[in-house]
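Student: My questions all concern the structure below.
What follows is calculated from the coordinates using simple rules that are stated; it is not laboratory data. Everything numeric here is computed off the predicted structure, so don't read it as measured data. Note: ideal-geometry Cβ built from the backbone for every residue, glycine included; neighbour counts use all protein chains shown.
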Amino acid sequence: MMKLMLVVGSMALILALASARPQNDAVEVLEYESENTGLGGYKFSYKLSDGTSRTEEGTVNNAGTENESISIRGSVSWVAPDGQTYTINFVADENGFQPQGDHLPK
């Protein structure tokens, strides 16, 4: 259940960022890397022509045990309509989703 919540939280962040930018601008993928490390985890990154970038890495902890969990670390950056670049670094693990960014309340 926790894995599903982490994935849903990540997807909600992506959708929020996508809906925040004008939809009529053509955006190109400049870089994309993806690696499925099997049952032990994954990682991916991309950079877009509008200044958006994202990296994420997921690692399975305690694989095959009763305490199996996934830890996800990553960051996402985007350029707001005012020209300011915003970055969120995040960890999602057994302690929940933990975002950090200069623009976020402490």
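Student: For residues that are among the β-branched types (Val, Ile, Thr) and touching a Leu at 6+ places or on another chain (Cβ under 9 Å), scanning just the range 58-106, find the one that is nearest to Gly41 (Cα to Cα).
Tutor: Among them, the one singled out is Val60.
Student: Now a separate question. Can you pull out the residues in the range 38-78 that are in a strand (DSSP E or B) and surrounded by fewer than 15 Cβ atoms within 10 Å (Cβ to Cβ)?
Tutor: Result: Asn61, single match.
Student: Going by what's in this entry, would Ser34 be described as loosely packed, with under 15 Cβ neighbours inside 10 Å, under 24 Å from Pro99 (Cβ atoms) and out of contact with any Gly (no Cβ under 7 Å at 6 or more places or on another chain)?
Tutor: yes
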